[in-house]
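Working notes, beginning with the structure itself.
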Amino acid sequence: MTTAVKPLIGASSSDSDTWNAIDWQKAEKQVWRLQMRIAKAVREGRHGKVKSLQWLLTHSFSAKLLAVRRVVLNDGGKTAGIDGVIWKKAERKMQAVQSLQRRGYQPLPLRRVYIPKKSGSSAKLRPLGIPAMIDRAMQALYLLALEPVYEMLAERNAYGFRIVRSTADAIEQCFKVLSKKHSATWIFEGDIRACFDRISHPWMLANIPMDKTMLGKWLTMGYIEKRVFYPTEEGTVQGGTISPTLANLTLNGLERAVKSAVSKTDKVNVVVYADDFIITGISREILEEKVKPVVAGFLRERGLELSAEKTRITQVKDGFDFLGFNVRKYRDKLIIKPAKKSVQAFLGRIRNVIKSNPTAKTENLIRQLNPMIRGWANHFRHAVSKKTFAYVDNCIFQALWKWIKRRHPNKGANWIRKKYFRNHGLKNWIFFAKTQDKDGNVSMLDLFKAAGVSIKRHIKIKGAATPYDPAFKDYFEWLYSVRRSRPLNRDVSEALPVF
């Protein structure tokens, strides 16, 4: 395999020239062919063939190139591990590729940091382990060999951290199983207590289909906090490249276990996104007496347990939050919209950015805010979000007005409007800044408005579809084209309140 990738690199002996001359498309094709062969062997039940192909892929020079590129291009590529090393220069990247060797490999301990929980409260923090760059790259390398195996084993309604799947697919599945007149009316909201921190190491070593030696090293790499080393005897790394897939494989089989304990008339459906899941049922009794014991037993085998405080059973008419969305039935009409907590958390981040830039140029502030607003609005553009988007834009306007008044306490509203806002066509009160390029050309930079994002119905992926199966090649070509062009056709009542 190594000789096959020689054309990927240039003739120069310089590591810098070598990295910059890599034919990435060719490297991706070579790795993809091996991944497709692994997936085919899984479908045929040839476990020995799977292992040999995984070994071949993890020793492939092309795969090592892609693993290093993934690490350096990731958002955390500028964050060092315990060794303080980051790969900025091309020479270091090429050296990293050469150093990805299984023989003699020993991972470094994690650097332990704490980040706020989803609630956004600074008082509630969760631990995060940051691996060294070399360990991230090694995990990315072995993930290339593990991902096609998981895709062939994954259940139909598991959506978290999977190729071509997203939260939008999970939310659309919620709509499909709850929107009909005769759909299930009860919801089991599952919450696993400290999922990543408590997964059983013996269970993972016995059941995860990958190199056991490498897996064992990552599970027991430990972490350093305040210069003290702590061993890890359970759980998987939060922050590791391969950790989401390991967690997915740990929870794989939950849907089958639940459905084996109920009948079709119970209207039980399972929607899983990583360690978050919901289960529908026709009655509270079904979920309490049939579903909950099965879920608890399934988790117990893996060293996990349900959180008594956060796991609950609710009715659809009362609504529930899932993956940042609120799902609720209003008079037999199912409405999915951004959850109040998601909106308030987003606005909190926006206000923090505005407050932390009291003397920044208007242009610089807009450049910070636009990616945040655009990304958040695009995430929720498949739900009933139009009123929420207008509400968010209004809150941002108010925060900006306070920002301006602090800068110009003696100026009136008319002066502020002329200085910071402009009109364009039918649009008024556009927060803007004048920018100038290198050639001296002046242009307008406008603040992005969430309400400008059009609402489009998301087309959910087929449960059995995976890019690692050639049978779905034509389907994915159709899916991509339809997702780009199809408008929202779901009639909803915009008269309902946002919250």
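The values are calculated or read from the model by the stated rules, or taken from the named source; none is laboratory data. Remember, it's a predicted structure, so these values are computed and weren't measured experimentally. With ideal geometry, Cβ positions are generated from the backbone for all residues, glycine too; neighbour counts draw on all protein chains shown. The accessibility values were calculated without ligands, DNA or RNA, using every heavy atom of the protein model including side chains. Shrake-Rupley method; radii C 1.70, N 1.55, O 1.52, S 1.80 Å.
Taking only the Cα atoms of the chain, the radius of gyration and Dmax are 25.4, 77 Å. Here's the list of aspartates and glutamates a cross-link from K427 could span, going by alpha-carbon distance under 12 Å and ignoring same-chain residues fewer than 8 apart: D446.
Quickly estimate the mean residue ellipticity at 222 nm for the chain, helices only: each DSSP H run with n ≥ 4 gives -39500 (n - 2.57), and the total goes over all residues, rounded to 500.
Details: 18 runs with 215 residues, N = 499.
When only DSSP H runs of four or more count, the value is -13500 deg cm²/dmol.
Under 18 Å from the 7 Å Cα→Cβ point of L128, by amide nitrogen: which residues of region 159-183? Hits in region 159-183 for L128 at 18 Å: 161.
Comparing Cα centroids, region 42-107 and region 439-461 end up 36 angstrom apart.
Among the listed pairs K51/K460; K180/K267; K317/K340; K361/K402; K117/K386; K386/K456, those with a Cα-Cα distance over 22 Å are K51/K460; K117/K386.
Evaluate the charge dipole of the chain about its Cα centre and quote only its size in Debye, nearest 20, assuming +1 on the Cβ of each Lys and Arg and -1 on the Cβ of each Asp and Glu.
Values: 89 positive and 44 negative charges, 372 e Å.
Here the chain has a charge dipole of around 1780 debye.
Positive end of the dipole of the chain (Cβ unit charges, origin at the Cα centre): among S62, F448, F472, the Cα lying farthest that way belongs to F448. Ranking L369, S356, A383 by how far each Cα lies toward the positive end of the dipole of region 350-391 (charges on Cβ) leaves A383 at the top. Quick one: pull the percent of accessible area on the chain belonging to carbon and sulfur, 1.4 Å probe, ligands and nucleic acids left out. For the chain, the apolar C and S fraction of the accessible surface comes to 51 percent.
Under a point-charge model restricted to the Cβ atoms of Lys and Arg (+1) and Asp and Glu (-1), what is the dipole moment magnitude of region 191-264 relative to its Cα centre, in debye to the nearest 20? Intermediate values should be presented prior to the final figure.
Numbers: 9 positive and 7 negative charges, 28 e Å.
Charge dipole, region 191-264, about its Cα centre: 140 debye, nearest 20.
Loop-located trypsin sites (Lys or Arg not before Pro) in region 174-235 (DSSP state not H, G, I, E or B) with no more than 10 neighbouring Cβ atoms inside 10 Å: K181, K226, R227. Applying both filters, DSSP loop and at most 11 other Cβ atoms within 10 Å, to the GluC sites (Glu not before Pro) of region 295-378 gives E309. Computed with a 1.4 Å probe over protein heavy atoms only, the accessible surface of the chain comes to 51 Å² per residue. Placing unit charges on each Cβ (+1 for Lys and Arg, -1 for Asp and Glu) gives region 312-419 a dipole about its Cα centre, and among A339, N326, Q398 the Cα reaching farthest toward its positive end belongs to Q398. In summary, region 101-198 shows an alpha-carbon radius of gyration equal to 1.50 times the 2.2 N^0.38 Å reference for compact globular proteins.
For region 356-461, the square roots a ≥ b ≥ c of the C-alpha gyration tensor eigenvalues yield an a/c of 1.5 or more together with a/b exceeding b/c, which makes the shape prolate.
In terms of its C-alpha gyration tensor, region 355-402 comes out oblate, because a/c is 1.5 or above while a/b does not outweigh b/c.
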